[in-house]
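These notes are about the structure you will find just below.
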Amino acid sequence: MELGGYTGKNLIIDVSNRSFKTIDWLEQKNDWLKLIGGRGFGAKIMWETTDAKTNPLSPEGIITLNTGPLTGLPVPGAGRISMCAISPQTGIWADSSIGGNAGAEIKQCGYDSIIIKGKSEKPVYLYLHDEDVDFENAEHLWGKGSFETETIIKEELNNDPSVLTIGPAGEKRVLFACITTDYGRQAGRTGMGTILGSKSVKAVAINGTKDVPVADLNKIIEITEEATEYMIKSDPERYNIFTRHGTTMALDWAQEVACLPTRNFQENVFEESENINADSMEQKIKVGDRGCYCCPLACGKLTKTKVNGEQVYVEGPEYETLALLGSNLGLGNIEDIAAANYLCDHYGIDTISTGVVIGFAIECAQRGKISLDGLKPEWGNTETIFSLIEKIAYRKGLGNILADGVKKAAEAFGNGCQSMAMHVKGLEQSGYETRSTPGMSLAYGTSDMGAHHSRSTIVGWETRTDRLGVTREKVEMQIYLQHQRSLFDALGTCRFQYCEAKLPPEEFYPRYYVAATGLNMNQEGLLLGAERIFNLTRMINIRRGVSRKDDYPPARVFDEALPSGPYKGKKMSREEYDKLLDMYYEIRGWNHNGTPTREKLRELNLEIE
C-alpha cells in the first residue's frame, strides 16, 4: 500500500540566491516516521542542520514550517503548522504552533516541511504554488502592519492564498516578534517573526491545488463524524460554553482557583476580573466566531474596539492575552485589552511576552530601579501600556531594551531587577501564577522552549486533586501531558479537541493515524514517538548549553510569598522543587544534571550520541 498522510517531500528555500530544491525523505523513511511529523520533523531537521554555535539571525540560521500526517485532512483542527528554529530570544530550541489554513495549503503544494535559509538583499515575499516558488518584491510592504500586508498580497495574487506575515517588529528584530496568518492567528512565541525579518522575508504566501495523500479517506470521514458527535454529546454544557466563549472562559476559572497572574505575577487574583472575563467580552465587544481548518469548535472570537478613535476588529483576546495584557498589567477594561491586542497583532509581537515585559518594566519603575521614558509607572494606565507597545515594536527609547525580552532587559538594568523578571530559559512566563501549584512550576521549569503552557497545563488537573502535593503521581502526569501535547503538534492537529472538548486521544488519534497513513499504530506507539521528540529537543538544548540550572521557575516563586488571596503567605521551597525535579529526571531516564542517558537514547532508538 502506498504511504498516505505524508507527501514524502521537503522544500528547501535559499533566499540569498533565490533558489529552491526538493528533497525526498522516503529513502530514509523509518528515520523520519519514528518522529511522526510536525514538531518531530522540525526537531530532526534542527538537530541535523544546526550546532552549538548556530546564530539564528545569521544567513545560516533556518526556520522550518512543518506539517503532520493529519494536516490537510478532514480531521477537526488539522490545519496546524509547527514552526521550529533556534530562538533568537532564548538561544535554544524553539517551536511555535499556528492554526488557520496555511498548513493545509503546504500539504496541497506537495510538502511535509519547508526550510527557509539565507538572507535576501532586498525585502521579498515568497509565493509557493504547487512545485514553484516565486520571489516577489516586498519593498512596498516593508514597514506595513501584519493585517495590511496580508490584504495587499491577497489582492496582488488574486487567488486567495494563505499568507503568513510579519509586522514592523519582525523587521526591527524585536526578539519576540510573531508570524500572523488569517488576520489573527499567530505563531506567537520565541521570535519566529524575528527570524523571517532577519532574512528580509516579509511574508510567505501559499496556494496549493494537489490532493493530500491519504490511505483511507472514507475511514477518516467516518472517524470525524464519530468524533464530532462525541464532542457535542459527551459534555454538551462544556461544549456549548467553549464554542460560545473559546479560551476566554478560563479567566473566571483562573480567578476562582487563584492562579491568575496579576501585576507582574506579584499576585494570583485580580479584583477587576469580572470586567475582563468571557461574559464581559461577549456583552461589550464580541461580534462573531472564527474557526480554523475543518474545526467545529470555532474558538476564535472576533471583537471590535477603538484604537486612536478608529474602530478596528481583532480576533481575540484569548485567555492568555486577557491575563498578560489585562490582569498582569492591572488593566480592568475589556475594550482596552482588545485595543492592546490589536496593536500587538498589527506590529507583529507576541501578546504574552509583551504583557510580561511591560509588567516587569512597570514594577521596576515603581521600585525606583528604572524610568519609563516619562511615562507613568501605574498599573492599568493605558497611555503607558499603549506607548510601551509602540516603543517595543519600533525599538524606540526604553523599548529598545525591552524588545530583547525580560531576561536580557533585567541583565541590562541590573540593580536587582532580575528578581522581578518572570521567565524560564529566557522565555516569558505565560498565564498561570505558580507559587501554590508546584506541578505547574515544574511544567514551566522543564519545558524545552521555556515558560510556556503548550507543553503542559497540569494546573487544571492539579487544582482538582492534590494541589500542594509534591508526589510521584504528579510528576508522572506531567510527563504524560508533555508527551500528549508533543503528539498533537507532531500529528499536525490542535489539542483543544482533547483538552477542551474532551475527545479521548487513545480512542481516536491512533485510528486517525492508521486511516491517514495505512501504517499500523496504537496509542503507545504514538506516545513513544512523542517521547522521542521531547528527548531530541532536550539534546538540542544540551548541545546549546542547557542543564539542570535552567530547569527552574522564576526566583519569585521561591523568594516571595503571595501577598493576598486564598493562598496568602504561600511560596514554594527549593527543596520541594528539587524533589520534583529529581523524580522527573529519574522517570525520564535522564541523569542528575538533566541529560538523557545513553541507555535512554538507545531505548528510544535515537542514534544521536
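Some points to look at:
- Simple point charges give the picture: +1 on the Cβ of Lys and Arg, -1 on the Cβ of Asp and Glu, and for the chain a dipole about the Cα centre of about 1460 debye.
- The stretch 9-114: chymotrypsin sites (Phe, Trp or Tyr not before Pro) in DSSP loop, at most 10 other beta carbons within 10 Å: none
- One Cα centroid belongs to the stretch 113-140, the other to the stretch 467-516; the line between them spans 35 Å.
- Here the accessible area of the chain is 45 percent carbon and sulfur, with a 1.4 angstrom probe and all protein chains present.
- Backbone phi angles across the stretch 289-299, fed through the Karplus curve with coefficients 6.51, -1.76 and 1.60 (θ = phi - 60°), yield HN-Hα couplings of 10, 9, x, 7, 3, 6, 10, x, 6, 6, 7 Hz in residue order; Gly and Pro are listed as x.
- Straight-line cross-link reach from residue 172 at under 13 Å between alpha-carbon atoms covers these aspartates and glutamates, not counting any fewer than eight positions away in the same chain: 390, 404.
- If you model the chain as an ellipsoid using its alpha carbon gyration tensor, with each semi-axis the square root of five times an eigenvalue, the axes come out at 33, 28, 25 Å, biggest first.
- Protein heavy-atom accessible surface, 1.4 Å probe, per residue over the chain: 34 Å².
- The value obtained for the stretch 551-609, namely the Cα convex hull volume divided by the number of residues, is 105 Å³ per residue.
- Prolate is the label for the stretch 224-300, because a/c, from the alpha-carbon gyration tensor with a ≥ b ≥ c as root eigenvalues, is 1.5 or above and a/b exceeds b/c.
- HN-Hα J in Hz across the stretch 327-332 - Karplus 6.51, -1.76, 1.60, θ = phi - 60°, x for Gly and Pro: 4, 5, 9, x, 9, x
- Distance between the stretch 566-609 and the stretch 49-81 - C-alpha centres, whole angstrom: 27 Å
- Fraction of alpha-carbon pairs over 20 Å apart in the stretch 333-450 - percent: 42 percent
- Among the helices of the chain, those built from whole DSSP H runs whose Cα atoms reach 27 Å or more along their own axis and whose mean Kyte-Doolittle hydropathy is at least -0.5 are 523-543.
- Given 199/391; 474/600; 284/571; 396/549; 53/549; 219/502, the pairs whose alpha carbons are separated by over 27 Å: 284/571; 396/549
- Computed over the stretch 277-385, the range of Cα coordinates on each principal axis works out to 50, 27, 26 Å, biggest value leading.
- Furthest towards positive pole of dipole, 457, 146, 422, structure part the chain, Cβ charges: 422
- Helix-only mean residue ellipticity at 222 nm for the chain, each DSSP H run of n ≥ 4 adding -39500 (n - 2.57), per residue, nearest 500: -12000 deg cm²/dmol
- Here's the picture: charge each Lys and Arg Cβ at +1 and each Asp and Glu Cβ at -1 in the stretch 25-70, and of 70, 52, 37 the one pushed furthest to the positive end of that dipole is 70.
- When peptides 479-485, 352-358, 517-523 are ranked by their average number of other Cβ atoms within 10 Å per residue, the highest-first order is 352-358, 479-485, 517-523.
- Isotropically averaged projected area of the stretch 425-557, using the convex hull of Cα atoms (one quarter of hull area), nm²: 8.7 nm²
- Backbone HN-Hα couplings from phi across the stretch 164-173 [Karplus 6.51/-1.76/1.60, Hz, Gly and Pro as x]: 9, 10, 10, x, x, 5, x, 5, 7, 6
The values are calculated or read from the model by the stated rules, or taken from the named source; none is laboratory data. Remember, predicted model here, so these are calculated numbers, not experimental data. Note that each Cβ is placed from the backbone with ideal geometry, even for glycine, and that neighbours are counted across all protein chains shown. Surface accessibility is based on the protein's heavy atoms, side chains included, excluding ligands, DNA and RNA. Shrake-Rupley method; radii C 1.70, N 1.55, O 1.52, S 1.80 Å.
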